[in-house]
Amino acid sequence: MLEIIPLVLGPVSTNCYLIADPGSGEAAVIDPAWDGRVILAEALKRGWKISQLWYTHAHFDHFGGVAALAGALDPPPSIALHPLDHDLWQMKGSAPLFGIQIDPGPQPTVDLIHGQSLSLGSLTFEVRHTPGHTPGHCLFYCAQENVLFSGDLVFRSGVGRTDLPGGDWEALVQSIRTQVFSLPEETRILAGHGEQTTVGEERYGNPFVSTRE
């Protein structure tokens, strides 16, 4: 059984997800957005051990808490990011463009690849490469738990912006229609901002990418 602790952190209210297999106590953090010590405290009070950090993409608001978090973990966690977003990470996730200074923390150590599996205790997550918001944007899908972590690709009644460097509207629409709408309609979508939704709700009701005829 997957346990999910959502945390809304940082200057633009980014959703960070602390997830764990409670049977083993193994935990991962999807997008350690901000306030790394807050994330760590949530894991410690549940007796979970964070060993992996997964980035949906490399915008600063999705990894701004990693320096404090990773610095407090022993041994250091693995950090996963798609290689097409490494340049964006090197530029501190575009934080300077917004007048924000961050410590990007340790360099990513795992290259995400479309179709690969990530393991967390008894749970398995499929990586889906979904360019559009950024070139290396990825989703994490757990079929066992019927849940998709969608980063900034698709939101409840919305989609990720494509006006930042590396954004591509046509690629974003294609990613949503092939990598999100291909999943079961009851699949929960936990996005990088805002409330949760489902594949079915967005497939038929999202004003930007609805496939309703």
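Quick note: the coordinates plus some simple rules give every number you see, no bench work behind them. None of these values were measured; they are calculated from a predicted model. FYI the Cβ positions are ideal-geometry reconstructions off the backbone, even for glycines, and counts take in every protein chain you see.
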Rounded to one decimal in nm, the spacing of the 7 Å Cα→Cβ label points at D111 and L73 is 2.1
The distance between the Cα centres of the range 105-127 and the range 161-196, in whole Å, is 19
Once the dipole of the chain is set up from charges on Cβ (+1 Lys and Arg, -1 Asp and Glu), the residue from the list S150, P104, N206 lying farthest towards its positive end is P104
If I4, I19 are placed from fewest to most neighbouring beta carbons inside 10 Å, the sequence is I4, I19
Site S210, offset 7 angstrom along Cα→Cβ, radius 15 Å on amide nitrogen, limited to the range 165-198, gives 198
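Loop-only check: which GluC sites (Glu not before Pro) in the range 127-187 are DSSP coil with at most 15 other Cβ within 10 angstrom?
Counting only loop positions with at most 15 other Cβ atoms within 10 Å, the GluC sites (Glu not before Pro) in the range 127-187 are E185, E186.
So which trypsin sites (Lys or Arg not before Pro) in the range 119-213 are both in a DSSP loop and have at most 15 other Cβ atoms within 10 Å of their Cβ?
R161, R212
About the Cα centre, and with charges only on the beta carbon of Lys, Arg (+1) and Asp, Glu (-1), how big is the dipole of the range 3-205? Nearest 20 debye, please. Numbers along the way, then the final one.
Working: 11 positive and 23 negative charges, 41 e Å.
That gives a dipole near 200 debye.
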Taking N as the residue count of the chain, its alpha carbon Rg divided by 2.2 N^0.38 Å gives 0.95
Per-residue ellipticity at 222 nm attributable to helices in the chain (runs of n ≥ 4 DSSP H, -39500 (n - 2.57) apiece, nearest 500 deg cm²/dmol) works out to -4000 deg cm²/dmol
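For E195 and D163 in the same chain, what is the full-extension length gain: residue separation times 0.36 nm, less their Cα-Cα distance, in nm? Before the final figure, lay out the partial values.
Numbers: separation 32, 0.36 × 32 = 11.52 nm, distance 2.27 nm.
9.2 nm is the gain from fully extending E195 to D163.
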